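Beneath this line is the structure, given in structure tokens, with notes to follow.
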Amino acid sequence: MSFPLGEKAKIDATKSLKALIAHEAGANNGSKPHEMIQLLINTEHPLLKKKDYIPRIIPIPNRLGKISTTQILLITKDPSTIYREALNQKGSPTEDLIKDIMPLKKIKKIAGNKKQLINLFQDYDLVLCDHRIQHLLPGILGEMFFKKNKKLPFMIQMFQPTPDDLKLKKQEKIEKCDAEFVKKQIKSIVKNTSYLPNTDTTISIRLGYTDFKIQELITNLSTIIEFLQNPKFLMSNGGIINKKNQLVGVMVKTNESVALPVYKNKRFQE
């Protein structure tokens, strides 16, 4: 598959990724560190007029994590009993998968103490929430929490609704929880990367780790750009970079490094 940004960008990406890996190895006395590499993408215009704090999944071929080693918190509707029983029962596909399941009511109580709230989120690698309560979380957790905390809750559905379920009125709906469907969504979130549309012109996307092979990083990078540019992915939250909002530049970096170049759109060069 050809590189979506052209061969020069592929060469520049390879050089920059090798430099990042060498820099991290030097900082760790030659050992192979496991540091996250971020892909920085600059667009002509902001992707959103108003933040919604909803991470969008980008499928990638070289996975970022495994559910077996991920500490997970799930925030549910009140009460959490039906979800806890379905997800934790012996023999369930999600047995021992989710570290803690908390109802929204408990999160509200914890949110009254900001230090306690931050400490809670630091205990987990991944925070999930029922998609029906996601819109309530910014108000409960606070805007500053969302700005500073990198563990934004990912939305999941507790079951996959049928066409008949969608026709039901709110008061007619029965609470359900499909552990197999929940596990499938968690695997996708843990394995893949994501992006959070901003009200500015830069988005940061997890690309891979410094102990990945260069070709694995290049393949992930190519897949991400293809997803963001190709209109066939519009229904999956892709295809957001187009003629009306063009790609300005692409860079890569680690938490401790400067950003190194991958691509620069000639139209926006001074």
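Some notes on this structure:
- Mean separation of Cα pairs under 8 Å and 6 or more residues apart, divided by the residue count, gives segment 67-191 a relative contact order of 32 percent.
- Using all pairs of distinct alpha-carbon atoms, the Kirkwood hydrodynamic radius of segment 67-191 works out to 15.2 angstrom.
- Of the trypsin sites (Lys or Arg not before Pro) found in segment 25-126, those in coil by DSSP whose Cβ has at most 13 other Cβ atoms within 10 Å are Lys49, Lys50, Lys66, Lys90.
- Note on the chain: helix-only mean residue ellipticity at 222 nm, from DSSP H runs of 4+ residues weighted -39500 (n - 2.57) and normalised by residue number, equals -10000 deg cm²/dmol.
- For Lys8 and Asp211, a Förster radius of 45 Å and the Cβ-Cβ distance give a FRET efficiency of 0.95, rounded to the nearest 0.05.
- With contacts taken as Cα pairs under 8 Å at a separation of at least 6 residues, segment 197-270 carries a relative contact order of 14 percent.
- Relative contact order %, the chain, counting alpha carbon pairs below 8 Å whose residues are six or more apart: 37
- Centre separation in Å (Cα based) which lies between segment 232-270 and segment 162-215: 22
- Only one item in [x] 18; [y] 26; [z] 40 matches percent of Cα pairs over 34 Å apart derived from the coordinates shown, and that item is [y].
- Each of Ile174, Ile21, Ile57 was scored by other Cβ atoms within 10 Å of its Cβ. Listed from fewest to most, they are Ile174, Ile57, Ile21.
- Leading residue at positive end of dipole, segment 67-191 (Cβ point charges), from Thr81, Leu136, Val182: Leu136
- Nearby lysines by direct alpha-carbon distance to Lys167 (threshold 24 angstrom, same-chain neighbours under 8 apart not counted): Lys77, Lys176
Readers should treat all values here as calculations from the given coordinates under stated rules, not as data from a laboratory. Bear in mind that the values here come from a model prediction, so they are computed numbers and not experimental data. Positions of Cβ are generated from backbone atoms using ideal geometry, with glycine treated the same way; all protein chains shown enter the neighbour counts.
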